[in-house]
Amino acid sequence: MRTTIADLAAMKRRGERIAMLTAYDAPSAMISEAGGAPVLLVGDSLGMVVYGFDSTLPVTLDMMLAHAAAVARTAKTALVVADLPFLTYATEEAAIASAGRLFAEAGVGAVKLEGGAAIAPIVERLTTLGMPVMGHLGYTPQSTHQIGVKVQGKAADDARRMIDDALALQAAGAFVVVLELVPAELAAEITRRLTIPTIGIGAGPDCDGQVQVWHDILGLYPASPRHAFRFEEGGSMLQAAVKAYVDSVKGGVFPGAPQSAKMDPAELAKALRQDA
Ligand code: KIV
């Protein structure tokens, strides 16, 4: 059975933590789902971790469609959520068109948008049309030029605004709010005030769930952000495997008999006679 937005609400009511993880392609979807992640986020973080850009801003809807479709085709039980990329939801009509493509063409079960009360009318319109929306507050990477990469909501006015934004998203019909780079105390307060789940990243331990970037928890890059924990040194592990492969090819050890096909020597001899 695939995770639904109702399941996530029930998890919050039961006090059961939600472990969301990003996925960008078939292998990351397959492995994350097998590892038990109930929600897979096709994040526009793919701009950095997959495409090598230095922000999420160059990510296009076409890129998101391709990656979201790969994840949605692969995931059998997880709820697949895709980010609406930069400037694809600047108006209600644009949001409907962009989100509509992610649902109809890529097969996602929800979309994520960055912003608070200002985008509540868009959230309301999408949810009214049957497209579940996940909100995203705190550090919102699509506004990086405006707000800088830093913890958001440390000052009283900013904290108050974030609480109001979270309530506005909930009132507009959002089913989850992601809190990124938010002081733990503020994230805990927002989590207490909302009936929908909060999912934190760099927002302390008291959110209803956590989200992490696949490459960060697996240690696929030499450096990870402060809020991430490397549950595996995947980069070194994979590099060792690649080195073993390169060494085996160089040493004439790979491929061996198990990786090779045989043919009837008579057939080969017949083929070679055709040279004469
Ligand atoms: O794009 C992304 O991966 C995200 C998460 C970090 C929340 O938005």
Sole residue being in a loop (DSSP other than H, G, I, E, B), in contact with a Leu (Cβ under 6 Å, 6 or more places away or on another chain), touching a residue at least 60 places away in the same chain (Cβ under 8 Å) and more than 19 Å from Arg101 (Cα to Cα), chosen from Thr3, Thr77, Thr56: Thr3
Breaking point among (1) closer than 20 Å to Ser45 by Cβ; (2) surrounded by fewer than 23 Cβ atoms within 10 Å (Cβ to Cβ); (3) touching a helix residue (DSSP H, G or I) at 6+ places or on another chain (Cβ under 9 Å), for Val133: (2)
Near pairs, Cβ below 7 angstrom, 6+ apart or cross-chain, from region 168-183 (of a type in the set (Asp, Glu)) to any residue that is in a strand (DSSP E or B): Glu180/His136; Glu180/Gly138; Glu180/Ile201
Single residue of region 224-268 satisfying the filter (within 38 Å of the chain's Cα centre (by Cα), in a helix (DSSP H, G or I) and aliphatic (A, V, I, L, M)) that is nearest to Ala82 (Cα to Cα): Leu238
Selection from region 17-53 of residues that are assigned to a loop (DSSP other than H, G, I, E, B), within 23 Å of Gln146 (Cα to Cα) and within 11 Å of the ligand (Cβ to nearest atom): Gly43, Asp44, Ser45
Test result for Leu169, buried (at least 20 other Cβ atoms within 10 Å of the Cβ), within 16 Å of the ligand (Cβ to nearest atom) and more than 26 Å from Met131 (Cβ to Cβ): no
Selection status of Arg160, in the same structural domain as Val133 (by TED's automatic domain parsing), loosely packed, with under 10 Cβ neighbours inside 10 Å and either farther than 30 Å from Ala117 by Cα or of a type in the set (D, E, K, R) (or both): no
Those residues of region 59-74 which are surrounded by 16 or more Cβ atoms within 10 Å (Cβ to Cβ) and in a loop (DSSP other than H, G, I, E, B), in sequence order: Val59
Exclusive hit being without any contact (Cβ under 8 Å) to a residue 60 or more places away in the chain and within 16 Å of the ligand (Cβ to nearest atom), set Ala228, Ala240: Ala228
Residues within region 183-212 that are over 26 Å from Leu126 (Cα atoms) and either away from the ligand (no atom under 14 Å from the Cβ) or surrounded by 24 or more Cβ atoms within 10 Å (Cβ to Cβ) (or both), tallied: 10
Single match in Phe103, Phe86 (criterion: hydrophobic (A, V, I, L, M, F, W, C), assigned by TED's automatic domain parsing to the domain that holds Gly35 and part of a loop (DSSP other than H, G, I, E, B)): Phe86
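The values are calculated or read from the model by the stated rules, or taken from the named source; none is laboratory data. Just so it is clear, the model here is predicted, and its values are computed rather than measured. Note that we place each Cβ from the backbone using ideal geometry, even for glycine, and neighbour counts take in every protein chain shown.
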